[in-house]
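Structure first, commentary second.
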Amino acid sequence: VAWLPAGACAAFPRGALLTGSRDASMRVWPLGSDAFAEGAAAREAAVVLRGHSQQVAGIAACAAGRVASASLDSTARVWELSACADATACASAEPKVLSAHAKPVLCVCFLQTSGELLTGSGDATVMRWDVAVPGAAAVRHTYKGHSDSVRGLCELPALGGFASASHDATVAVWALGGDLLRTLAGHAALVYSIAPLPGGLLASGSEDDTMRIWSLESGECAQELGHPGCVWHVAALEDGDVVSCCADGIARVWTVKEERAAPEAERKALDDRVQRRRKEIADAKAGGGGGGGGTATTRARLQKPQLSIVERKVQKKRMQDAWDAIG
């Protein structure tokens, strides 16, 4: 999912939610309408953007009114919605097709500082595109350094560059000009998602059942946070908290604010789940069943559970800083 900011498109004055699907389409759900109602009202409110021939694997939007999609059909597409006066115009808009990758495109990311678009692919490369030029989009640079699929991207404005997450179990930090500034290595499995944090930090989520917090300055891992399953996605909140979405069906919100830390009993409950998960993996390996998992212990504390809009638990958790984590 992604958000189209309010004011970016006249057809959606209050902004919109974007979703991509296995049905090869992207849908734009206007906020402040019946888009989130049950049944037919929701389906009729959404604008459907079509063009891909296979699953949409990633989406992004920017304040300029552009929305982008990545697909397993090895292309990305960019729709210019800023000039669309209504939903009908949006639905009939013709996208720019970005077709330079040799394998499926798995993620897209707009650079808010320049308006350019990054695409990450199964061909192990990242491409930077100028999508604002009239006519076909132009590739400005191709970044090579990963040895496997690029699964996640995020801009790093303070560094004047970006980061990429890969199935090769690393995170790469790049200058826009093409230099590989740093490789963050330590995960034991595929890295699915990354997010920049305040203070020169970066969060990464992996199939090894951990979220790691990295120092972009030193390249060192400041903390490992264990989960009872694969960490599919991480995201930064405006207040500095971090959200991790785990395969156990729970989204956890992590914070450095001591006053928001949860009771010891809730911390222990999560620790117990992490340890059981690790034991299951170890037992499976000992029995020849394979499997993978994280190696990190969880030292942070949980706040009281709340319900999210999808009626799953969202648990508040304290993310210790590097000093506490190693002390």
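The values are calculated or read from the model by the stated rules, or taken from the named source; none is laboratory data. Remember, predicted model here, so these are calculated numbers, not experimental data. Note that each Cβ is placed from the backbone with ideal geometry, even for glycine, and that neighbours are counted across all protein chains shown.
Data for the structure
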| item | result |
| --- | --- |
| Given (1) in contact with a Pro (Cβ under 6 Å, 6 or more places away or on another chain); (2) over 24 Å from K257 (Cβ atoms), number of the condition W174 does not satisfy | (1) |
| Of residues in segment 66-91 being in a loop (DSSP other than H, G, I, E, B), among the small types (G, A, S) and modelled with pLDDT under 95, the one surrounded by the fewest Cβ atoms within 10 Å (Cβ to Cβ) | A85 |
| Search result, residues across segment 13-26 that are at pLDDT 95 or above and either aromatic (F, W, Y) or more than 19 Å from L106 (Cβ to Cβ) (or both) | none |
| Of residues in segment 118-142 being within 19 Å of the chain's Cα centre (by Cα) and hydroxyl-bearing (S, T, Y), the one farthest from V67 (Cα to Cα) | T125 |
| In segment 242-261, the residues that are under 15 Å from the mean Cα position of the chain (by Cα) and part of a loop (DSSP other than H, G, I, E, B) | A247 |
| Flag for W29 being part of a strand (DSSP E or B), more than 17 Å from A132 (Cα to Cα), at pLDDT below 95 and out of contact with any helix residue (DSSP H, G or I) (no Cβ under 9 Å at 6 or more places or on another chain) | no |
| Out of G229, G205, sole residue that is at pLDDT 95 or above and either within 21 Å of G120 (Cα to Cα) or crowded, with 23+ Cβ neighbours inside 10 Å (or both) | G205 |
| Output for segment 190-229, where each listed residue is under 23 Å from C109 (Cα atoms) and part of a loop (DSSP other than H, G, I, E, B) | L190, P198, G199, G200, E207, L216, E217, G219 |
| Residues satisfying the stated conditions in segment 194-243, i.e. touching a Phe, Trp or Tyr at 6+ places or on another chain (Cβ under 7 Å) and among the polar types (S, T, N, Q) | S204, S206 |
| Out of L106, L81, L111, L118, sole residue that is in contact with a helix residue (DSSP H, G or I) (Cβ under 7 Å, 6 or more places away or on another chain) and under 29 Å from R14 (Cα atoms) | L81 |
| Within segment 99-120, considering residues that are polar (S, T, N, Q) and out of contact with any Ser or Thr (no Cβ under 7 Å at 6 or more places or on another chain), the one surrounded by the most Cβ atoms within 10 Å (Cβ to Cβ) | T119 |
| Filtered residue count, segment 248-278, keeping only those that are under 28 Å from P196 (Cβ atoms) and exposed (fewer than 14 other Cβ atoms within 10 Å of the Cβ) | 4 |
| Residues satisfying the stated conditions in segment 143-180, i.e. free of Cβ contacts under 8 Å to residues at least 24 places away in the same chain and outside any loop (DSSP other than H, G, I, E, B) | K144, G161, A175 |
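This table checks each residue for (1) over 17 Å from the mean Cα position of the chain (by Cα); (2) aliphatic (A, V, I, L, M); (3) more than 23 Å from R66 (Cα to Cα); (4) at pLDDT below 95.
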position	(1), (2), (3), (4)
E116	yes, no, no, no
K144	yes, no, yes, no
E155	no, no, no, no
A163	no, yes, no, no
V171	no, yes, yes, no
W174	yes, no, yes, no
A185	yes, yes, yes, no
V191	no, yes, yes, no
L216	yes, yes, yes, no
